[in-house]
Amino acid sequence: MSYLHLTIYERSSIETLRKENYSMRAIAKHLNRSVSTISREIKCNMTEEGYSAPTAQNQYKVNKRRCGRPSN
């Protein structure tokens, strides 16, 4: 099964909606994504200051480079 990675625009939406106190379920519905996808994204990329889209995107790029699989 194929899947799509979150884009920087989706990550920015997550950050904005979190600041507006939207629930994970509401964010998932807004982005047409699974609640578990949103939950995992927030959990894996949370810092002391909260969720940051640029930080999450940078971490995604680092992890993608590190994985050893060639990208298209």
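The values are calculated or read from the model by the stated rules, or taken from the named source; none is laboratory data. As the structure is a prediction and not an experimental result, all values here were calculated from the model. Cβ sites come from the backbone with ideal geometry, for glycine too, and all protein chains shown count toward neighbours.
Numerical summary
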{"item": "Qualifying residue in region 55-69 (condition: among the charged types (D, E, K, R), within 11 Å of the chain's Cα centre (by Cα) and assigned to a helix (DSSP H, G or I))", "result": "no"}
{"item": "Any hit, region 4-23, residues being touching a Leu at 6+ places or on another chain (Cβ under 7 Å) and surrounded by 10 or more Cβ atoms within 10 Å (Cβ to Cβ)", "result": "yes"}
{"item": "When residues of region 51-72 are limited to those that are surrounded by fewer than 10 Cβ atoms within 10 Å (Cβ to Cβ) and small (Gly, Ala, Ser), the one modelled with the lowest pLDDT", "result": "71"}
{"item": "Single residue of region 1-52 satisfying the filter (in contact with an Asp or Glu (Cβ under 7 Å, 6 or more places away or on another chain) and of a type in the set (A, V, I, L, M)) that is farthest from residue 64 (Cα to Cα)", "result": "31"}
{"item": "Selection status of residue 33, over 9 Å from the mean Cα position of the chain (by Cα), basic (Lys, Arg) and part of a loop (DSSP other than H, G, I, E, B)", "result": "yes"}
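Let's see how each residue does on (1) of a type in the set (Lys, Arg); (2) touching a strand residue (DSSP E or B) at 6+ places or on another chain (Cβ under 7 Å); (3) at negative phi; (4) at pLDDT 95 or above:
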position: 24; (1), (2), (3), (4): no, no, yes, yes
position: 32; (1), (2), (3), (4): no, no, no, yes
position: 35; (1), (2), (3), (4): no, no, yes, yes
position: 39; (1), (2), (3), (4): no, no, yes, yes
position: 49; (1), (2), (3), (4): no, no, yes, no
